[in-house]
Every structure is written in C-alpha cells, then in structure tokens.
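The values are calculated or read from the model by the stated rules, or taken from the named source; none is laboratory data. This is a predicted model, so every value here is computed, not measured. With ideal geometry, Cβ positions are generated from the backbone for all residues, glycine too; neighbour counts draw on all protein chains shown.
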Amino acid sequence: MEVTSPTFKQNAVHALADAQLQKALGNVRAGFIDKRRKAADALPEFDALRDAARDIKDHTLAHLDLYLEAYEEKVTESGGQVHWAETAEDARRIVLDICRMQNARTVTKGKSMITEEIALNDFLKLAGIKAVETDLGEYIIQLRNEHPSHIIAPAVHVNKDQVEADFRRAHDYLPADRDLTEPETLLDEARRVLRAQYFEAEIGITGANFLVAETGSSVIVTNEGNGDLTQLLPRVHIVVASIEKIVPTLNDVSQILRVLARSATGQDMSVYTTLSTGPRRKGDPDGPEQYHVILLDNGRTSMLGTEFQDMLRCIRCGACMNHCPVYHAVGGHAYGWVYPGPMGAVLTPSLIGIDQGGHLPNASTFCGRCESVCPMRIPLPKMMRHWREREFERGLNPATQRYGLKIWAAFAKRPRLYNFAASMAIPLLALFGGRKKRFSFLPLAGGWTRHRDLPAPESRTFMQQWRERESGKQRAAA
Amino acid sequence: MSARDAIMGKLRKTLGAGTDDATRRETVAKRLAKPPKGIVPERGQGSDAHKVKLFCQMAEAVAASVTRVRSPERVPKIVSDYLRSRNLPASVRMGADRRLKAMPWDKLKSLELKYGPSDGFDEVGVSHAFAGIAETGTVALLSGKDNPSTVNFLPEHHIVVIDARDIAGDLETVLSSLRRKFGKGRMPRTVNFVTGPSRSGDIEQKIILGAHGPRALHLIVVG
C-alpha cells in the first residue's frame, strides 16, 4: 500500500476538515473508554494480570529462539507445516505458492493486521486470486477500496449511510427497493453475501492472536465467528503470524486473554476464542485437510535488543488509540500506513524506517493515557521520545525546529546566562501581556497563536519564585 | 541460508544464546513441562453451587439464554420447547456424540434429527460441551469424530448441553482437564471457547447479535 506517513501534518489537516470522519470519530470517544473502564473495574485482579502479562511476554522474548523451536516441533507433530519468512515479500510468495498448488481462485480471510502489513490482498489480486475479507468492518472497507483506520474496528471512520451506499453499489444484483436503513439490515445482508463465499473458497487465511509453544496451536479471538468459518470450511487453512506472537503455554494464553478483551472492547471474554492445532484428524467430519503456518520476521528481530523491544509485547488490543486525543482528532488514516495511534507511532518507524515513519512519534502530546491503559504496560511515550531523539540526530526534522532547539540549548547549557535572560524577558512579556494576561499574536509563535491565545507569564521567573519559596520554608522552620 | 536459519541466527545473536544455552534451555523445558498457574481471579472460586450459578449469570449477561434441568432425559423436551417457542422447524443438526445419542429423542416423533457436519442450511444445531467456565459464562467445545465444529458456527441457533459437574471456576482448570484427556502438549484439531452468541459492533459501534455465527445461543445445564 501507498505510505503517506511523511505527510502526516497535511493528512491531519484534511482529517480535521472531514465532517463525515469527525462524526464517526465521535463513536470512538463515546464507546471504547467507558466500556474498558467498567470491565477493568469489575475485576479486582486486573492490574496484577497486566503485570503478569508483561512478564510473560518479557520472558518469551528473552527465550524467543527456543520457544519458536518448540512451537515448530509441535506444529509438525500435529501434521501442520511451518514456513519461515524474513520479509513481507517472502511471506506473500509462500502464500501464493500454496494457492497455486491448490489451484485456488478464491480465498476467504479472517481479520488480520499482519496481512495488512504485508499487503496481501493487492498482491493476490494481481496474481488473479480473489481475496474476500469476511469481518464485517474489513468487508466494508474492502468494498470502499480503503485500509483499516483502527486495528480492531477497521471501519470506525465510516458512517451507516456510507455503508448503505457501498452495499447498494456492490450488491447491485439485489432488489433496489430493499430496506437498508438500520445497522441490523446491513449486517444481515453482509451475512448472506459472505456465507456463500466461505463455501466457495479453497483456502482460508487467518492471523493469530497467539501461537502456543506447548501445543503448536494457533489462537484467534473474534466476536463475529467469521474467523472460525474461514479456518474451518476451506480445504486449506493458512495462518500468517509474526514471530513475537509466540507464548510458552496455554496458561500464559489464559493470563493475557483476561486483559485482552477487557482492554479492547470491554468484554470479559470475546465471543469466540479458538485453538487450532494441525489439520483435521482421522475420522473428523470437518476441518481443513492442510494446515500451514507462516512465521514472519519483517523487522521484529531488528527491534529485539533495542530500546524498542518492549513494543514486541503488543497484543494489538487498540486501547492506546481508543484513549489517544490525537487519534480522536484525526483518526487512523492520517497516520499513513497500517498501524495508527500511539502503537503505530512507535511501530511504524521500526517497520518501514525512520525516513518514512519518523514523523509519527511527533503526533503526541505526551499526555500518557496510552501507557496508563496499555494491558502490556508498554512505555509508549518513552519510545516516542526515543524516536524523536533519533529523528533529531539524523537531522530529519524541519530547520526552524532544529535552530530553535539549538538556540534554546545554548542558553540552557549556561545557567547564569539563562537566568539573566529569563529575568529580563519574563517581566517584559508580563508587561506586554496587558490586563488580559494573554497574547493573541506573538512573533515566532504564530503556530500557537493562530489557534489560541498564549498565556502571558507571571512577572517573576520560576527560579526567582523557587528561591523565595525555599527561603520562606527555612524561615518557617527556624 | 534458509529463512529459518537467518531468523534464528539473528535471534540467537541478539539474545546472547550460546554463552549460557544450557540454562536457557532448561528454563524453557521446565516452563513447557509445568505451565505456571498464574493469577486466577477469585470470582470463579467457591462451591460447585456457586460456580453453576455464576456460570448461568455470566452467560445471560452476554445474551445467551439458559435452562437448567435435573436429568439428561429432559433435554429433548427442552430442545423441542425451544423450537416451538421460536417458531422454528422441527429439525435439529447434531454430531454423533454418545452423550447426546443416549437421550430419549425418539419420544418426540415429529422432531427430525440430522447427524453429521452442518451444510450451512440448518436452523438449529445441538452440541455437547466438554466443559464450562463460570468466570465468564463460557462453554468449551471440542472437535472430533462425533463432534463436527461446523455445528457450532453455521446454524442460526446453537443449543449447547452441558453437565453441571463439568462447570469449572476458571479457564486454567479446563486447560488442565484438556491435558489430562489428550495427553501433555496434545490437542484436538479445534477447541472452541464460546461466550454468548455471535455479534458485531462494526457499524457505528452499535452491538448487533448474529454476525456470521449463530444469532442465538441457548445453554441447557444438566444436573
């Protein structure tokens, strides 16, 4: 897919002016936050489970080579096949090879961010294979020729009337006078249309929420049941998953499941949690005849052992973006690639490079809400700071910003000069601030004052106030 | 070099493997052999009666319906009542599960029983659960010779029979039972943990039941 992360600023300006999008984003602000809080509050062990979940992933990452080995052995033992892919291109080729071997014309897909990451649908289309997204949200955006704007609610940027228009356009063989005014009727239509696709497809492709080393199982967590029909009905089931999806045991899955659904949708448990192990067994009346797992690196090994390693704990629940004021304002597409919001701001430069994704870590006010709700306790603001440092080191940010910082640093590194300059400037600014104590215009600060007033400082500097406060304290103590 | 070797090579280099591999291997082998129990919420713990009650409560909270009966002989009648009360055709799909087969279905002359996997045209599917989880109102369903997984997903209505004695407080207990039944590190092809009927919130975040799986989930708790 086309990467538009470098133009984040322009993307954001467009997003802010997009009335449909702004209406849709209201649903993010209204829904997710309350639901998560209620679910978390109802479980006294929730915070302890977050610690446990973090520790499980840290332990796994420290032994990732060995757990991958154990996992591979178990998959093979249960009759499945493991394929290794270093890059997105390798993974796509493996999928295509399997499709060709099966003479597949249609594949159904469960919702998966990893196949978005490797842009699988476009690739299969070029190869003459129809890939049908079956998650309702993914189906809607596939009809619209768009990409997900949210990692668990891919069509969160779309309003009901837009879905109706898309369905009328795409399902033009259905009666034109049918009623599609309610979400229920839209869902019913998608259900009927997609039901036929499950039976037609030769291959079903899913991602994985977890890969279990203890048993060689892949685990998917869904609410609609589309993922299950995708992995159950076709002859062949392909799982595409990145290597950090491994967890040691089923018990570890259980610990993380308790924080996953609560953080994502505010459910105690998602409707369907399914463990798939190998192909159908002898005597089984249904299930796929072949089971393939593609283990993808695509940049993960390069994150390990760096200041971005903690990001590999991410379980893709979406809580960080649900709580992010920047995401609330501009939505997911402005981020310009697959992963939006705070997790995307950290992950994108890691996966597609700082030149392309280096802008995104600036899309944060550092309010810290993302870290405060992250079930895996990933220090997202800290990692965004690391990216900003790298961006500065490499001279990627705008010249005005760099000079500004240099001038500030020249003062900050010389405390006497700094104090002197501040003691001159602050009273002046306080004076010019006038009775309103605000500036509606200030040279060099147009970026700020164009949208809001800048408060004028008090008449004394912080250092002066601090000294007075401290000596006051000493007098009181004496 | 194969992709596997390349990825493993990078991992081992970064993780400092090789220097102290024996300790690392032992740590991993130990954890796989004896999975740590972890934090198990208080909520599901207590007497058997508490567990069954909580199971029913939690299932109803996620829009499943529940009927409790004293003996398995009562199940066919409950199924038939369910069909009648919802104006459904007198026909159900099920696997050849012997626990279901042992029930007196023949007393209901007008009820058609279809065995085997679902073809996608069934209104009602009946399954027998392997276990239940009180903490979340979840049922665990296993694939196997007599238990097609398609019955759990394709019918419009899914009826699940569960023995009250199989209702555990938490998921960890059910995972231990799976290990006991199939042997360590072994699993049936498909294990479905089902918590309520299918739903979607993808249109304007409004939750609607019956996305791709069953629109309704009815649980019959026996005992």
- Task: Give A:ARG105, A:ARG144 a once-over and let me know the one that is charged (D, E, K, R), surrounded by fewer than 22 Cβ atoms within 10 Å (Cβ to Cβ) and touching a strand residue (DSSP E or B) at 6+ places or on another chain (Cβ under 9 Å).
- Result: A:ARG105
- Task: Output the number of residues of segment A:282-335 satisfying the condition of being surrounded by fewer than 20 Cβ atoms within 10 Å (Cβ to Cβ) and in a helix (DSSP H, G or I).
- Result: 5
- Task: Residues being touching a residue at least 24 places away in the same chain (Cβ under 8 Å) and either more than 11 Å from chain B (Cβ to nearest Cβ) or over 30 Å from A:ALA53 (Cα atoms) (or both): count how many of those fall in segment A:165-216.
- Result: 23
- Hey, among A:ALA48, A:ALA15, A:ALA39, A:ALA24, which residue is free of Cβ contacts under 8 Å to residues at least 12 places away in the same chain, part of a helix (DSSP H, G or I) and at negative phi? A:ALA48
- Task: Have a look at A:ALA30, A:ALA12, A:ALA17 and point out the one that is under 21 Å from the mean Cα position of the chain (by Cα), exposed (fewer than 15 other Cβ atoms within 10 Å of the Cβ), farther than 13 Å from A:SER263 by Cβ and not polar (S, T, N, Q).
- Result: A:ALA30
- Verdict on A:LEU66 being free of Cβ contacts under 8 Å to residues at least 40 places away in the same chain and assigned to a helix (DSSP H, G or I): yes
- Item | Qualifying residue in segment B:201-208 (condition: of a type in the set (A, V, I, L, M) and surrounded by fewer than 23 Cβ atoms within 10 Å (Cβ to Cβ)) | yes
- Give the residue, chosen from A:VAL259, A:VAL253, that is more than 8 Å from every other protein chain (Cβ to nearest Cβ) and either in contact with a Lys or Arg (Cβ under 8 Å, 6 or more places away or on another chain) or in a loop (DSSP other than H, G, I, E, B) (or both). A:VAL259
- Kindly establish whether A:ILE114 is in contact with a Gly (Cβ under 8 Å, 6 or more places away or on another chain) and either part of a helix (DSSP H, G or I) or surrounded by 20 or more Cβ atoms within 10 Å (Cβ to Cβ) (or both). yes
- Go through (1) within 14 Å of chain A (Cβ to nearest Cβ); (2) surrounded by 16 or more Cβ atoms within 10 Å (Cβ to Cβ) one by one and return the number of the condition B:GLU60 breaks. (2)
- Note on the structure: Within segment B:142-157, restricting to residues that are crowded, with 24+ Cβ neighbours inside 10 Å and either more than 10 Å from chain A (Cβ to nearest Cβ) or farther than 22 Å from B:SER80 by Cα (or both), the one that is farthest from the chain's Cα centre (by Cα) is B:PRO155
- Item | Which numbered condition A:GLN231 misses (of (1) within 11 Å of chain B (Cβ to nearest Cβ); (2) assigned to a helix (DSSP H, G or I); (3) closer than 25 Å to A:ASP58 by Cα; (4) in contact (Cβ under 8 Å) with a residue 40 or more places away in the chain) | (3)
- Across segment B:1-16, which residue is surrounded by the most Cβ atoms within 10 Å (Cβ to Cβ) among those that are of a type in the set (A, V, I, L, M) and at pLDDT below 95? B:LEU15
- Which residue out of A:LEU187, A:LEU174 is assigned to a helix (DSSP H, G or I), of a type in the set (A, V, I, L, M) and over 24 Å from A:ALA19 (Cα atoms)? A:LEU187
- Test A:ASN103 against the criterion of being more than 10 Å from every other protein chain (Cβ to nearest Cβ), more than 24 Å from B:ARG31 (Cα to Cα) and free of Cβ contacts under 8 Å to residues at least 24 places away in the same chain, and give yes or no. no
